[in-house]
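To keep things clear, I will list the structure first and then write my remarks on it.
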Amino acid sequence: MRESLFTTRITELLGIRHPILCGGLGPALADAEYVAAVVNAGGMGFLVAAGFPDPEVFRDQLLRCRQLTGGQGFGVNLYISRQAGGTQRLERQVQVLIEEGVKCVETAGASPEAVLPALRDAGIKVLHKVPAVRYARSAARLGVDAVIVVGNDCGGHPGIHGISSMVQAAQATAELSVPIVIAGGIGTGRQLAATLAMGADAILMGSRMLVAKELAIHEAYKAQVVGGDGTESIVVKTGLRDHHRVLLNESAKAVAALDATGASDFEQYRPHVVGALATEAYRSGDSRLGMLDYGPAVVFADAIKPVEAIFDDIIDDARHAMTRLGQLTRPHKTNDHD
Ligand SMILES: Cc1cc2nc3c(=O)[nH]c(=O)nc-3n(C[C@H](O)[C@H](O)[C@H](O)COP(=O)(O)O)c2cc1C
């Protein structure tokens, strides 16, 4: 494992070696094995609560993760639903994660306002993930510990505004005083160095990690990701205003065709977007069907490797980027002889 290269407000807040976070990967890809590998490699990972709907299975995952990390802190990804019934499920998840001493949560979806008091009382750090700086502003006002701003390149849900990570990083750091994590299209150390240079405190990755050895995805799919160059990612479900960046497979083509007709009735989309299709694709390696979250950062996923080796590559690359910047900012030599 590489030595710590950067100390930021996020490394200090979370007590981690590198300012590298790996976002929740649903449905149940970010499980105890994967999250522990991220933590043991010096970053922060988030176990996806929604992937383990049975509270006791969720608890077992937390216990396993704690065991695999030797007691180091780790995170949970909480989906904050706007739908009826969501609140009760969320309350149960929060209760279990508090009981099991989870260190931090990555909240995504609707506002985390309802769960903040319980999490704060338990000393759990809250990092709220948003697809545009305007939502980060509201989260900061609520008193979250940090915001994660994802740009349009991200695998998963880029929001409806389509603003790039490059713009959001520069905007967020100018406008917000809370610690800032930038995500969307990131998979290299030079992007880490650039993000920190822009004033942010950490990066968060998803797509780049699809080739992590510890991730419970069929090897054939990981090999396909290694071969991808990012052009096979597409944003669909625009008709539902639930923009979703996924792998361009048969389901995505069918959904894009629905979007093109202006369809806005979920029932028309349902056969192509049910979660069971994605679960089966990850299990079998046959990626033709299902909404498979997938962003252009797969272009950086050049081999199936343990998380620690991926982090080593990123830190080495960040160091090179810093050296290059140092060379570019050396005092300027001229040919003048005066
Ligand atoms: C396969 C996959 C599954 C994901 N599942 C979730 C999820 O369940 N919950 C969530 O908040 N974000 C999810 N995300 C988004 C990531 O946590 C992260 O925000 C995003 O991948 C960052 O952009 P990147 O893909 O360009 O690195 C997923 C991303 C991928 C690639």
**OP:** Please tell me if Ile217 is over 16 Å from the mean Cα position of the chain (by Cα), within 9 Å of the ligand (Cβ to nearest atom) and either among the aliphatic types (A, V, I, L, M) or under 16 Å from Arg319 (Cα atoms) (or both).
**Re:** yes
Original post:
Out of all the residues in segment 82-136, which are of a type outside the set (Lys, Arg), touching a Ser or Thr at 6+ places or on another chain (Cβ under 8 Å) and within 13 Å of the ligand (Cβ to nearest atom)?
Top reply: Gly109, Ala110, Leu127, His128
**OP:** Among the residues of segment 149-164, count how many are within 15 Å of the ligand (Cβ to nearest atom) and either surrounded by fewer than 15 Cβ atoms within 10 Å (Cβ to Cβ) or not aliphatic (A, V, I, L, M) (or both).
**Re:** 11
Subject >> Hits in segment 67-93 - residues which are part of a helix (DSSP H, G or I), open to solvent by 90 Å² or more (accessible area, probe 1.4 Å) and closer than 28 Å to Thr11 by Cβ >> reply: Gln67
**OP:** Restricting attention to segment 252-278, report how many residues are farther than 13 Å from Leu292 by Cα and of a type outside the set (Lys, Arg).
**Re:** 16
**OP:** Just name the residue that is nearest to the ligand (Cβ to nearest atom) out of those in segment 6-59 that are aliphatic (A, V, I, L, M) and open to solvent by 50 Å² or more (accessible area, probe 1.4 Å).
**Re:** Ala50
Original post:
Looking at Ala321, is it surrounded by fewer than 12 Cβ atoms within 10 Å (Cβ to Cβ) and closer than 26 Å to Gly185 by Cβ?
Top reply: no
Original post:
Within segment 262-285, how many residues are assigned to a helix (DSSP H, G or I) and open to solvent by 30 Å² or more (accessible area, probe 1.4 Å)?
Top reply: 13
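Conditions (1) touching a Gly at 6+ places or on another chain (Cβ under 8 Å); (2) among the hydrophobic types (A, V, I, L, M, F, W, C); (3) touching a residue at least 12 places away in the same chain (Cβ under 8 Å), marked per residue:
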residue: Gly26; (1), (2), (3): yes, no, yes
residue: Leu47; (1), (2), (3): yes, yes, yes
residue: Glu56; (1), (2), (3): no, no, no
residue: Leu63; (1), (2), (3): no, yes, yes
**OP:** For Ala146, indicate whether it is surrounded by 15 or more Cβ atoms within 10 Å (Cβ to Cβ), touching a Lys or Arg at 6+ places or on another chain (Cβ under 8 Å), of a type outside the set (S, T, N, Q) and in contact (Cβ under 8 Å) with a residue 12 or more places away in the chain.
**Re:** yes
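The values are calculated or read from the model by the stated rules, or taken from the named source; none is laboratory data. Treat the numbers as computed from the prediction; the structure is a model and nothing was measured. Backbone-built Cβ (ideal geometry, glycine too); neighbour counts: all protein chains shown. Each accessible area value is taken on the protein alone, full model and side chains, heavy atoms only, with ligands, DNA and RNA left out. Shrake-Rupley method; radii C 1.70, N 1.55, O 1.52, S 1.80 Å.
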